[in-house]
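The block underneath contains the structure these notes are about, expressed in structure tokens.
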Amino acid sequence: MADADASIEFLPADLASGDARALELDRREFDIVRIHSSDDPLFNVAYARLWSEFGAQHEMESRAVIARRLDWHPATAVSDCWLRYEMFLVRRQGQFVAARDHTAVVTRRNGTPRAVVHLSHVLIDPAWRRTGLAGWLRAWPLQTARACLEATGCPVASPITLVAEMEHPDPQFPNRMIRLKSYEKAGFKKVEPAAVKYLQPDFRAPEEIDANGGPQPLPFGLILRRVGREHEQVIRGAEVREIVECLYRMYGTSFREQDMAAVWQTLPDYPADETEVPLVAPTE
């Protein structure tokens with residue numbers, strides 16, 4: 001069954017500035033849990049929903065990989081960081097409403113603790129879209145970040161950055177534009193892609209990668225919410241690199257070293273540490 005700390009709180013202060021509509025959501029009869037183990041019967045429910053949406057597009061890790069990530073609870077040290085993965089499931093009267101998964105990565109570089117939360121997948125039943133629920137699904141991962149900070153002995157008030165990897169805007173894909181506009185309205189910003197050419201590792205199975213000439217990383221945009229710093233219009237190169245290193249450390253726990261090499265080798269081309277990189281609208 002779910003762990004004792006599986007409850008999720010509705011914390012208005014955690015909402016992004018553009019997600020105030022979430023406060024109007026009728027939250028009665030919602031059953032919301034944090035899944036910490038593949039032994040939890042709700043894991044199969046949540047994973048099946050996410051896999052059916054993202055698996056065929058090579059946008060979701062295998063069940064075995066996700067099960068191993070759940071074992072990171074409450075936090076697991078990997079290299080120079082600590083990781084905590086969680087999956088959230090929302091139901092109402094026993095019916096599926098939404099699911100999301102994400103990973104908090106805590107670092108103490110230069111003695112300053114901070115958390116980066118990778119927003120992996122989110123799925124909302126069509127009946128619950130445009131209700132304000134999306135705002136809460138963007139805010140709840142902050143609770144995972146604080147839990148990871150606490151588990152590693154770091155102050156829960158340490159800086160937190162939410163980051164989503166999203167495809168670049170293209171009017172030919174209206175669903176993509178809807179997602180980008182949603183994050184834009186919420187107040188998220190995108191790292192200028194002309195300055196930082198971020199690549200997501202190849203999600204395909206190793207045998208498929210080998211049969212097709214090696215890894216083929218995909219270009220994505222980095223969509224950020226730097227909590228408490230949402231008003232800032234630039235980000236320094238050092239911070240971008242640290243965010244990306246957190247993502248690659250996370251991916252490196254389940255992807256082969258030779259496949260990860262294709263993305264790690266791009267970091268030297270990122271802007272210098274003190275260079276100010278513009279933060280732009282996600283739809284730009």
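Looking only at the stretch 102-144, filter to residues that are basic (Lys, Arg) and either farther than 25 Å from VAL65 by Cβ or at pLDDT below 95 (or both); which one of those is least open to solvent (accessible area, probe 1.4 Å)?
The extreme case among them is ARG114.
Take the stretch 175-205 and flag every residue that is in contact (Cβ under 8 Å) with a residue 40 or more places away in the chain, assigned to a helix (DSSP H, G or I) and within 28 Å of VAL65 (Cα to Cα).
LEU180, TYR183
For the stretch 198-205, check the following and say yes or no: at least one residue is more than 28 Å from ARG109 (Cα to Cα), at pLDDT 95 or above and buried (at least 16 other Cβ atoms within 10 Å of the Cβ).
No: the stretch 198-205 contains no residue that is more than 28 Å from ARG109 (Cα to Cα), at pLDDT 95 or above and buried (at least 16 other Cβ atoms within 10 Å of the Cβ).
Restricting attention to strands (runs of 3 or more DSSP E) lying wholly within the stretch 211-284, give those where 1 or more residues are surrounded by fewer than 16 Cβ atoms within 10 Å (Cβ to Cβ) and hydrophobic (A, V, I, L, M, F, W, C).
Per the criteria, 234-236.
Pick from ASP31, ASP14, ASP39, ASP26: which is of a type in the set (D, E, K, R), surrounded by 14 or more Cβ atoms within 10 Å (Cβ to Cβ) and either over 17 Å from the mean Cα position of the chain (by Cα) or at pLDDT 95 or above (or both)?
Within the list ASP31, ASP14, ASP39, ASP26, the selection yields ASP14.
Being of a type in the set (Gly, Ala, Ser) and surrounded by fewer than 17 Cβ atoms within 10 Å (Cβ to Cβ) is true for just one of ALA75, ALA67, ALA98. Which residue is that?
That would be ALA67, the only listed residue that is of a type in the set (Gly, Ala, Ser) and surrounded by fewer than 17 Cβ atoms within 10 Å (Cβ to Cβ).
Across the stretch 9-61, what is the total count of residues that are at positive phi and out of contact with any strand residue (DSSP E or B) (no Cβ under 7 Å at 6 or more places or on another chain)?
1
The values are calculated or read from the model by the stated rules, or taken from the named source; none is laboratory data. Bear in mind that the values here come from a model prediction, so they are computed numbers and not experimental data. Here the Cβ is made from the backbone with ideal geometry for all residues, glycine too, and neighbour counts use every protein chain on show. Please note that ligands, DNA and RNA were not included when accessible areas were found on the heavy atoms of the full protein model with its side chains. Shrake-Rupley method; radii C 1.70, N 1.55, O 1.52, S 1.80 Å.
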